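Colleague: Take a look at the following structure, please.
The values are calculated or read from the model by the stated rules, or taken from the named source; none is laboratory data. Only a predicted model underlies this, so the values are computations on that prediction, with no experimental measurement involved. Note that each Cβ is placed from the backbone with ideal geometry, even for glycine, and that neighbours are counted across all protein chains shown. Just the protein is used for accessible areas: all its heavy atoms, side chains included, with ligands, DNA and RNA removed. Shrake-Rupley method; radii C 1.70, N 1.55, O 1.52, S 1.80 Å.
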Amino acid sequence: MIDLPPYPPLDPSNYYLIVVGTGVSESVSAAAASSSGSSVLHLDPNPFYGSHFASLSLPDLTSFLHSNSVSPHPPPPSSPPILPSNSHELISVDLVHRSLYSSVEISSFDSEILEEHSRRFNVDLCGPRVVFCADESINLMLKSGANNYVEFKSIDASFVGDSSGELRNVPDSRAAIFKSKSLTLLEKNLLMKFFKLVQSQLAESDDTTTTTVKISEEDMESPFVDFLAKMRLPPNIKSIILYAIAMLDYDQDNMETCRHLLKTKEGIDRLALYIKSMGRFSNALGALIYPIYGQGELPQAFCRRAAVKGCIYVLRMPITALLLDKETGDYKGVRLASGQEIFSQKLILDPCINVGLESLSSLTDQQNETLRVLVPKAMINKEKIARGICVIRGSVKSDISNALIVYPPKSLFPEQLTAIRVLQLGSGVAVCPADMHVLYFSILCENDDQGIKALLSAMSNLIRLPVPESDSSVENDTCEAKPLLLWRALYVQELVKGEFGGTISSMPSADGSLNYKETVESAVKVSKAI
Amino acid sequence: MHGRKRNAASKPEEDAASAAEALELRLLQSQFMSNHHQKIYTKEAIQLSAKLQEINPEAYTAWNYRKLAVEYNLDSADPSLVNSILDKELEVVENALKRNLKSYGAWYHRKWVLSKGQCSSLDKELQLLNKYQKLDDEIKKNLVLRNFHLWNYRRFVVELTKTSEQDELQHTTDMINDNFSNYSAWHNRSVLLSSLVAKKADGFMPKETIRREFDYVHNAIFTEEDDQSGWFYYLWLLDQTVKMETPLRASPWPSDGSNIILSGPGCFNGSSSKFTTYCSESGSFPLILYFDQAVSGVSSSTVTIDSELKSNEDLVWEPVPEKNSQVSCVWVARLKFDRTEPVKVKVSLGKSRGIVSSTGCNLITPYEFVFTVHIDDTVGESQEGIISWTDGFDSWDAQSSKDLNSLITLDQLEVDTGFEWRKQAIKIEIEQFRKLPDSKFGKLNLAKLLMAEETMISDDDAVKGVHYKEILQLYNDLMALDSWHDQYYKDEHSVALLRKVTSSTESLTRHLFRNRNMNSIVCLRLNNLTLSRIAALEKLLFVQMLDLSHNELHSAEGLEAMQLLCCLNLSHNRIKSFSALHSLRHLKQLRVLDVSHNHIGCKHPVDTTRYLCSSSFSNSGETGRKVPSKYRDTYLVLRDLMKLKQFDIRGNDLIAGEEFSSFVRQVVPTLVWLDGNKLAS
């Protein structure tokens, strides 16, 4: 990082809330707190807004991933864990930085071109990610006024893919079902009937006067996948509904590997979100929209909103330690990297910030209790998300720039346990130069190898890897049609859950879902509590 | 209507605002009127009218004023200004349309401006229409999709710009892909396709066009079977499939190779037992041609008679039921006969062109049939006894069935070149719709398709009649499923049932009897069949005695084709008025008519059937008889039945008192039996 002149000391040094990290949840919390009149200090160790939700240029993204990945070297020996604070009533507990990323592998296949356009990329760290028109995050933006700072564009189409490489349109609306060439007539009939059933179910929940319940209580509690089978929907339609409309991850037909079996009620809710999204904004073609200049715009918009309401922003400012009351063990403040101590009643932290285990041993029980949320948990059955970013020349589907592609479980290879989602974005949303597209891939996985393998499989399904000139004779026509890969990043991100601990809260990392539903929900929960 | 919500009641401040607006409008209007009267066409005056039109696009006078102003200015303006004057008009129209997209005046004005010859901006017109038709606003969009002003104007512009029909077809495809609940688009599509097929445009041969359209409309039907716009188009397509390139079929009476026996005045008591006996009192007998499509051009020049009978060269062919109509399915001529020995008669059609079906099919292949006329001159005493509908019926003897077969088949007049593809198309459709069983539209459609196939295979003895059981069951299901439309299903059920009955000699003979009291005349008994409609008449032309009692008929419509009918029983039906019996007046041979136990005379505020029939006044003038207005309908039916001997009207709502019976006797002097009682002569 470039050396910048040190900051002058912050003034005032006492706040109601300090927020560290400018990810979506942190920014929403900061905006919520400052709009309710509280004094808020919002810090970020990075020189940009967004933390793990940022949109960066290719070099910045590369360096961010590398610096936040599990390094092969042991961390440098830290100074004694507990330092006396400047004030005698306080003790200071050092914080450690947790690396969220692993197996980072970045390769460039055409450095020259990329070099030339390097600043014209806005690549998301948390991709693939889109926003449903009827999302809670949109409501929140409209409510807070953050919508003034972001513009969205519609995702033109969504597809379901399989190992054959064929992309079939997701029949998500009446017109789409009508036009669909991949569904048989009977499938069209069944699918439309199902949509109508869902719609009437939704209409009923709004209108309590009608007594007829279309879907029985018993069905509502049964697994969604069973309900779909009961509706006589054939497997291919079931998979479209489950993975490309309800956006599920786990194979709902495989009880052993499915970590989250969706109930009909939840399934209907997810469909409701999709259906409501379809007609919400007249200028959006479908259910999904994407912010121009990348997802990084969203946290930034909330930050701006917060700043308008009086929140103070300091970037490039890590915190190094927490200050606790020696007697009671209560949280008092933080020590900045500049050495300055800042005090607040509440603290919200980025998911990367932890307390070192060795520091805890010397603390009292009360102090430990205060720091509870910052202690890294030993997680059993750890879930991770493998993400991939590709910059390509051309498009995976001609005539379509912004598109979502879903590979349902087992569609690419038999061992594929979860759905792979791919999002292609073009210059229309200002994330890359004109003739290129950025592709985001993600899949939930149990370990890095499994995830990376699945990503590579999906990539080879859509993209042509550059081959040395001599091999060009091997290429056949189908290869020729695929777009050419220029740049690729693969990384596996840990999924850290947020925790609310009274005074100190830790926010969740970017989750595995396609939208911000859970992220925003947790932020709203925390904000309410504060 | 059309999903628009009614506006809430206005608030006081809104009332005040609208009052101010009204005041302004009134001021504007009076200024405008004074300009108009003084013929002031200055720039300011024209601007004033533009302002008025923006507020009130319905001001017709203002549009007319503008037309005058344009004419005036065009006369005096130099040619370079013409375009700018007309452009200004288009702009005013556009502003008015913003206010009200359904303003007739505005659209007419636009057409008028375009017809002034400003063709430079015609392409813009289509773009403007596309813009309107692709409006974002959902509610507005629904209004616009169905806005016939837009579609009409579109057709006008298309004609002016000579846009190709293929392009317009693509436009309907785009509109339908966007939202297939669009009657206007489907309709326009049908119009365009008809024209393209008729022109034999490249890629629009009937066979492939029909198949392509079927495949396309399936998407709409299967996606949302409850949406009627797709069905609407589908039924049109099905109709095209059955009719397109279909040759005419016809059935004559007397049929080819038949022997008919003409007997004298006392025919009912004669000894002949052939069912081709025909009682002729006036020295002539009818020659009937029934076509399966309405045709025009049947005349002595297109139908030639070759026989020894004299004075039959200039036969007068009359369409039934309407004398004055140009097209009809049934044509009748009266052949005079003056011989006592058997005479062969040869009738030829199509030797010279002129017989054209309403679908444009021109009969060009000659078709002829020959029959022999015998005379039975046994003079019996004329029939005086009352005809009973309950006894005197003998069952049918099988030996006559041979003759019957020729009576109930329709002759195809020309080679059917498209038969195979049409049959194939229907077959594919049937397979498709068997997959959609639990919907009422699906069932109805399947029944229609099966019926269409049945019509096509009616010449093939091996398979004909296979579908009737299923069709009848489908309509029964539909009546239970959708009671709202059960009258329609009942009618269709009746049609199917009658087609089933007439589909083979076997099934028909089950309903055929001979009446002992009537010289063993052939009687067709279709009683107790819950019929609500009459059909399949082309196969029943030979019937002289018909029993339709104990059915659910509402009208005698269709029976006029049975020109030989002399005894008819319509008792125990649901006929509500004499005007529902109107068609009977064409049955000149009718001797016995039983309409007892119906609902004739019910005091209905509006007799709907009357308006479907031809005007009663136009035909009633000639007699000068004073007819009480309450009996006028009765009079119109009975006065033409010159041979009626027996009439039964008991058990109706009409009070058949002395007054009525004397009226009937007056109208029908030949009457012997009324309501079962012999009349004193």
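Colleague: Looking only at region B:353-384, which residues are modelled with pLDDT of 75 or more, part of a loop (DSSP other than H, G, I, E, B) and crowded, with 16+ Cβ neighbours inside 10 Å?
Modeller: The answer is B:G354, B:I355, B:L363.
Colleague: Right, next: Report the residue count in region A:191-200 for those that are in contact with a helix residue (DSSP H, G or I) (Cβ under 8 Å, 6 or more places away or on another chain) and facing another protein chain (nearest Cβ under 9 Å).
Modeller: Here is the first cut: in region A:191-200, the residues in contact with a helix residue (DSSP H, G or I) (Cβ under 8 Å, 6 or more places away or on another chain) are A:191-192, A:194-195, A:198-199.
Of the ones still in play, those that are also facing another protein chain (nearest Cβ under 9 Å) are A:191-192.
The qualifying residues number 2.
Colleague: Anything in region B:177-200 that is within 29 Å of the chain's Cα centre (by Cα) and within 14 Å of another protein chain (Cβ to nearest Cβ)? List them, or say none.
Modeller: Within region B:177-200, B:F180, B:S181, B:N182, B:A185, B:W186 meet the criteria.
Colleague: With (1) open to solvent by less than 30 Å² (accessible area, probe 1.4 Å); (2) modelled with pLDDT under 90 as the list, and A:Y243 as the residue in question, which single condition is left unmet?
Modeller: (2)
Colleague: Still on this structure: Being under 18 Å from A:I245 (Cα atoms) and among the polar types (S, T, N, Q) is the filter; apply it to region A:134-188 and report the residue that is nearest to the other protein chains (Cβ to nearest Cβ).
Modeller: Only one residue tops the list, namely A:S180.
Colleague: Still on this structure, please answer the following. With a cut-off of at least 3 residues that are open to solvent by less than 30 Å² (accessible area, probe 1.4 Å) and free of Cβ contacts under 8 Å to residues at least 12 places away in the same chain, name the strands (runs of 3 or more DSSP E) lying wholly within region A:372-458.
Modeller: Result: empty, no element qualifies.
Colleague: In region B:431-441, what residues are surrounded by fewer than 21 Cβ atoms within 10 Å (Cβ to Cβ), more than 9 Å from chain A (Cβ to nearest Cβ) and either aromatic (F, W, Y) or touching a helix residue (DSSP H, G or I) at 6+ places or on another chain (Cβ under 9 Å) (or both)?
Modeller: Scanning region B:431-441 gives B:R434, B:P437, B:K440, B:F441.
Colleague: Restricting attention to region B:224-254, which residues are modelled with pLDDT of 80 or more and not in a helix (DSSP H, G or I)?
Modeller: Listed by number, the residues that qualify are B:E224, B:E225, B:D226, B:D227, B:A250, B:S251, B:P252, B:W253, B:P254.
Colleague: Right, here's the next one. Filter region A:23-70 down to the residues that are among the hydroxyl-bearing types (S, T, Y), more than 24 Å from A:D11 (Cβ to Cβ) and assigned to a helix (DSSP H, G or I) and list them by number.
Modeller: Those that are among the hydroxyl-bearing types (S, T, Y), more than 24 Å from A:D11 (Cβ to Cβ) and assigned to a helix (DSSP H, G or I): A:S25, A:S51, A:T62, A:S63, A:S67.
Colleague: Let me spell it out: the conditions are (1) out of contact with any Leu (no Cβ under 7 Å at 6 or more places or on another chain); (2) within 14 Å of another protein chain (Cβ to nearest Cβ), and B:G203 meets all of them except one. Which number is the exception?
Modeller: B:G203 satisfies every listed condition except (2).
Colleague: Can you pull out the residues in region A:277-298 that are of a type outside the set (A, V, I, L, M, F, W, C), open to solvent by 70 Å² or more (accessible area, probe 1.4 Å) and within 14 Å of chain B (Cβ to nearest Cβ)?
Modeller: Once the filter is applied, which keeps residues that are of a type outside the set (A, V, I, L, M, F, W, C), open to solvent by 70 Å² or more (accessible area, probe 1.4 Å) and within 14 Å of chain B (Cβ to nearest Cβ), region A:277-298 yields A:R280, A:S282, A:N283.
Colleague: Taking region B:486-498 on its own, how many of its residues are out of contact with any helix residue (DSSP H, G or I) (no Cβ under 7 Å at 6 or more places or on another chain) and either crowded, with 20+ Cβ neighbours inside 10 Å or in contact (Cβ under 8 Å) with a residue 24 or more places away in the chain (or both)?
Modeller: Counting residues in region B:486-498 that are out of contact with any helix residue (DSSP H, G or I) (no Cβ under 7 Å at 6 or more places or on another chain) and either crowded, with 20+ Cβ neighbours inside 10 Å or in contact (Cβ under 8 Å) with a residue 24 or more places away in the chain (or both) gives 5.
Colleague: Here is a further query. Among the residues of region B:213-239, write down those that are within 14 Å of chain A (Cβ to nearest Cβ) and either under 18 Å from B:E420 (Cα atoms) or open to solvent by less than 10 Å² (accessible area, probe 1.4 Å) (or both).
Modeller: Within region B:213-239, B:F214, B:V217, B:H218, B:A220, B:I221, B:F222, B:T223, B:S229, B:G230, B:Y233, B:Y234 qualify.
Colleague: B:S483 fails exactly one of the following numbered conditions: (1) touching a residue at least 60 places away in the same chain (Cβ under 8 Å); (2) closer than 20 Å to B:L553 by Cα; (3) open to solvent by 40 Å² or more (accessible area, probe 1.4 Å); (4) not basic (K, R). What is the number of that condition?
Modeller: Result: B:S483 passes all but (1).
Colleague: Here is a further query. Can you list residue pairs whose Cβ atoms sit under 7 Å apart, with the first residue in region A:141-165 being in contact (Cβ under 8 Å) with a residue 40 or more places away in the chain and the second being open to solvent by 70 Å² or more (accessible area, probe 1.4 Å) and of a type in the set (A, V, I, L, M)? Count only pairs 6 or more apart in sequence or on different chains.
Modeller: Once the first residue is in contact (Cβ under 8 Å) with a residue 40 or more places away in the chain and sits in region A:141-165, its partners that are open to solvent by 70 Å² or more (accessible area, probe 1.4 Å) and of a type in the set (A, V, I, L, M) give A:S154/A:L285; A:D156/A:L285.
Colleague: Only one of A:S137, A:S118 is under 16 Å from A:R270 (Cα atoms) and not in a loop (DSSP other than H, G, I, E, B). Can you tell me which?
Modeller: Of the residues listed, the single one that is under 16 Å from A:R270 (Cα atoms) and not in a loop (DSSP other than H, G, I, E, B) is A:S137.
Colleague: Of the numbered conditions (1) touching a strand residue (DSSP E or B) at 6+ places or on another chain (Cβ under 7 Å); (2) modelled with pLDDT under 85, A:L486 fails exactly one; give the number of that condition.
Modeller: The single condition A:L486 does not satisfy is (2).
Colleague: Take B:S251 and tell me if it is open to solvent by 10 Å² or more (accessible area, probe 1.4 Å) and farther than 28 Å from A:M192 by Cβ.
Modeller: For B:S251, the condition - open to solvent by 10 Å² or more (accessible area, probe 1.4 Å) and farther than 28 Å from A:M192 by Cβ - is not met.
Colleague: Now for a different question. Take region A:100-127 and flag every residue that is under 30 Å from A:G356 (Cα atoms) and open to solvent by less than 30 Å² (accessible area, probe 1.4 Å).
Modeller: Scanning region A:100-127 gives A:L100, A:Y101, A:S102, A:D124, A:L125, A:C126, A:G127.
Colleague: Considering only region B:561-584, state which residues are closer than 19 Å to B:Q646 by Cβ and either open to solvent by 20 Å² or more (accessible area, probe 1.4 Å) or small (G, A, S) (or both).
Modeller: Result: B:S571, B:H572.
Colleague: If I filter region B:7-61 down to residues being of a type in the set (S, T, N, Q) and closer than 18 Å to B:K98 by Cβ, which single residue comes out as most open to solvent (accessible area, probe 1.4 Å)?
Modeller: B:Q47
Colleague: Can you name the condition, by its number, that A:A306 falls short on among (1) under 23 Å from the mean Cα position of the chain (by Cα); (2) open to solvent by 50 Å² or more (accessible area, probe 1.4 Å); (3) closer than 29 Å to A:G502 by Cα?
Modeller: The failed condition is (2).
Colleague: Against the condition open to solvent by less than 30 Å² (accessible area, probe 1.4 Å), more than 14 Å from chain A (Cβ to nearest Cβ) and under 24 Å from B:N573 (Cβ atoms), how does B:L524 come out, does it pass?
Modeller: So B:L524 passes the test.
Colleague: Check whether at least one residue in region B:460-470 is among the hydroxyl-bearing types (S, T, Y) and either in contact with a Leu (Cβ under 6 Å, 6 or more places away or on another chain) or open to solvent by less than 40 Å² (accessible area, probe 1.4 Å) (or both), and report yes or no.
Modeller: Scanning region B:460-470 turns up at least one residue that is among the hydroxyl-bearing types (S, T, Y) and either in contact with a Leu (Cβ under 6 Å, 6 or more places away or on another chain) or open to solvent by less than 40 Å² (accessible area, probe 1.4 Å) (or both).
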